[in-house]
1. Could you tell me whether Val155 is within 25 Å of Val203 (Cβ to Cβ), at pLDDT 95 or above and in contact with a Phe, Trp or Tyr (Cβ under 9 Å, 6 or more places away or on another chain)?
2. Can you name every residue in segment 175-223 that is polar (S, T, N, Q) and surrounded by fewer than 21 Cβ atoms within 10 Å (Cβ to Cβ)?
3. Could you run through segment 101-141 and say how many residues are surrounded by 15 or more Cβ atoms within 10 Å (Cβ to Cβ) and among the basic types (Lys, Arg)?
4. Considering only segment 51-87, state which residues are in contact with a Phe, Trp or Tyr (Cβ under 7 Å, 6 or more places away or on another chain) and not β-branched (Val, Ile, Thr).
5. Does segment 50-71 contain at least one residue that is among the hydroxyl-bearing types (Ser, Thr, Tyr) and without any contact (Cβ under 8 Å) to a residue 40 or more places away in the chain?
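The values are calculated or read from the model by the stated rules, or taken from the named source; none is laboratory data. Since this is a predicted model, take the numbers as computed values, not measurements. In this analysis, Cβ positions are derived from the backbone assuming ideal geometry, glycine residues included, and neighbour counts consider all displayed protein chains.
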Amino acid sequence: MSGNVDRPLIAPSILAADFARLADEVAAASGADWLHVDVMDNHFVPNLTLGLPVVESLLKATDIPMDCHLMIEDPQRWAPPYAEAGAYNVTFHAEATDNPVGVARDIRAAGAKAGLSVKPGTPLEPYLEILREFDTLLIMSVEPGFGGQKFIPEVLAKVGTARRLVDSGELTVVVEIDGGINADTIEQAAAAGVDCFVAGSAVYGADDPAAAVRALRAKAAAASAHLRL
């Protein structure tokens with residue numbers, strides 16, 4: 001994986017799915033590029049969701065690459081097992097560790113891509129030098145913890161910074177955004193330079209999640225300067 005993504009990647013967030021029917025909900029989002037799994041520990045964020053056993057079960061139920069977003073404390077300890085289980089991409093928060101490069105290297109050594117996420121209020125500049133150690137940069141466009149929040153457009157300045165560095169060849173990260181992405185906001189994010197769009201209720205709140213994935217991808221492609229269908 002590199003920053004040279006050629007079409008919009010849509011990553012439905014199962015945080016918005018029916019947890020009692022997860023395998024069916026995953027299947028309903030057929031055509032998705034990644035499946036976004038929010039892992040929360042009720043410490044780093046004020047919510048508790050699901051963990052490694054559920055991810056292991058989902059990996060057996062789908063061929064969609066698993067994009068695990070760890071909103072947890074102590075990623076040094078907990079992130080590598082997600083990679084070992086077979087997750088495609090394992091992202092942790094810059095704010096949760098003082099050794100992000102070490103965590104990234106452990107994730108990669110365990111067989112997954114490594115992602116770094118920053119909260120809306122966290123500046124990107126302190127992390128630009130280490131982003132060469134990462135495959136994905138996940139920019140939060142809501143405060144992490146709960147789904148259904150309103151998109152924060154101010155974070156798009158960070159997207160623009162990352163996009164310029166990728167386009168210049170200085171970085172090869174996939175620029176991902178998570179929070180409040182729907183049919184109205186995906187165009188703003190795409191125009192700013194996002195590659196991968198996490199969408200929860202915009203997919204799982206639709207009558208036809210697979211059609212919602214296709215529609216979101218088309219909207220993103222139409223608004224993007226670097227992505228096409």
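1. So Val155 does not fit the description; no.
2. Result: Asn182, Gln188, Ser201.
3. Residues flagged as surrounded by 15 or more Cβ atoms within 10 Å (Cβ to Cβ) and among the basic types (Lys, Arg) within segment 101-141 amount to 3.
4. Those that are in contact with a Phe, Trp or Tyr (Cβ under 7 Å, 6 or more places away or on another chain) and not β-branched (Val, Ile, Thr): Leu52, Pro65, Met66, Asp67, Cys68, Leu70, Met71, Glu73, Pro75, Ala79.
5. For segment 50-71, residues among the hydroxyl-bearing types (Ser, Thr, Tyr) and without any contact (Cβ under 8 Å) to a residue 40 or more places away in the chain: present.
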